[in-house]
Amino acid sequence: MTAPHAGSAPPGPGSAPAEPGSAPAGAEPLLVGEDVHKSFGTTAALAGASLRVDAGDMVAVMGPSGSGKSTLLHCLAGIVPADSGEVRYRGRDLRSMPDAERSALRRREFGFVFQFGQLVPELTCLENVALPLRLERVHRRAAEGRAAEWLDRLEVGDVAGKRPGEISGGQAQRVAVARALVTAPRVVFADEPTGALDSLNGERVMRLLTAAARDTGAAVVLVTHEARVAAYADREVVVRDGRTRADLAVRA
């Protein structure tokens, strides 16, 4: 995906969707981690984990607390470097990229949804969603117009002028999903996106996230320990003691 140009914005909710999960046999995966190792001090978080993500794929990474699933997501997204193994995005090795190039990749081609949203409290919800576009020098009017479309798409258009502290947790998480998708990313990384929500709001966030990702053709790497959340994915990968088990049955 090319970076958005100043004064313009990437495709939004009305864009033609890519075909989800339709990578041709033998095609290069969109994102792949192979034999990934990562330690923090003397503690091994990953001990040979592997994961393949194709274009339009939706993968649930499951496992108990402390299993290494969030660390795997962070390595795949280039947030933290793996100690060894390979992490490749569209055939390029993330470990060998300069920091500035990895940062640009995260801004332009990756979207992120974290457990507590991590919205900027001083900005309105509209400004929060527009922020990734503004960082890419998209004109304010175009960026906020695209942000407003995504807020409407995620059923929170009515909170556009409010700040994060003035809205509910479920609304804030939907604003965070809108922010993750506003740049038309190729991959959305969602780390326990419903972990701070009740079951009703969690179901609503997952329904909207899944539909929006399908509509735009974005792949999703979803970290969760909840089976009801993983059920939204096409397939599941289990992480235990820093290692991945073979993918479970592909869902119809």
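No value in this document is a laboratory result; all are computed from the given coordinates. Not measured: the values here are computed from a predicted model. Cβ sites come from the backbone with ideal geometry, for glycine too, and all protein chains shown count toward neighbours.
Residues of segment 225-239 being basic (K, R) and loosely packed, with under 15 Cβ neighbours inside 10 Å, which ones? Explain how you work it out, then say what you get.
So the first thing to find is which residues in segment 225-239 are basic (K, R), and the list is 228, 235.
Listed by number, the list holds a single entry, R228.
Yes or no: segment 104-123 includes at least one residue that is farther than 19 Å from V187 by Cβ, buried (at least 22 other Cβ atoms within 10 Å of the Cβ) and either of a type in the set (A, V, I, L, M, F, W, C) or touching a His at 6+ places or on another chain (Cβ under 8 Å) (or both).
Checked segment 104-123: at least one residue is farther than 19 Å from V187 by Cβ, buried (at least 22 other Cβ atoms within 10 Å of the Cβ) and either of a type in the set (A, V, I, L, M, F, W, C) or touching a His at 6+ places or on another chain (Cβ under 8 Å) (or both).
Among the residues of segment 156-174 satisfying the criterion of being surrounded by fewer than 15 Cβ atoms within 10 Å (Cβ to Cβ) and either outside any helix (DSSP H, G or I) or among the aromatic types (F, W, Y) (or both), which is nearest to the chain's Cα centre (by Cα)?
Filtering segment 156-174 for residues that are surrounded by fewer than 15 Cβ atoms within 10 Å (Cβ to Cβ) and either outside any helix (DSSP H, G or I) or among the aromatic types (F, W, Y) (or both), the one nearest to the chain's Cα centre (by Cα) comes out as S168.
Can you pull out every residue in segment 103-157 that is under 26 Å from Y89 (Cβ atoms) and of a type in the set (G, A, S)?
S103, A104, G111, G117, A130, A143, A147
Is there a residue being farther than 25 Å from L126 by Cβ and in a helix (DSSP H, G or I) anywhere in segment 230-240?
Among the residues of segment 230-240, at least one is farther than 25 Å from L126 by Cβ and in a helix (DSSP H, G or I), which makes the answer yes.
Looking at V239, V187, which is the one that is in contact (Cβ under 8 Å) with a residue 60 or more places away in the chain and either among the charged types (D, E, K, R) or farther than 11 Å from M58 by Cα (or both)?
Details: V187 fails: either among the charged types (D, E, K, R) or farther than 11 Å from M58 by Cα (or both).
V239 is the lone residue from the list that is in contact (Cβ under 8 Å) with a residue 60 or more places away in the chain and either among the charged types (D, E, K, R) or farther than 11 Å from M58 by Cα (or both).
Quick one: which of L200, L209, L131, L151 is surrounded by fewer than 21 Cβ atoms within 10 Å (Cβ to Cβ), under 18 Å from the mean Cα position of the chain (by Cα) and in a helix (DSSP H, G or I)?
Sole residue among the options that is surrounded by fewer than 21 Cβ atoms within 10 Å (Cβ to Cβ), under 18 Å from the mean Cα position of the chain (by Cα) and in a helix (DSSP H, G or I): L131.
Can you tell me which residues in segment 134-148 are closer than 25 Å to M206 by Cβ and buried (at least 20 other Cβ atoms within 10 Å of the Cβ)? Don't jump to the end; show me each part of the working.
Let us first name the residues in segment 134-148 that are closer than 25 Å to M206 by Cβ, namely 146-148.
Passing the criteria: R146, A147.
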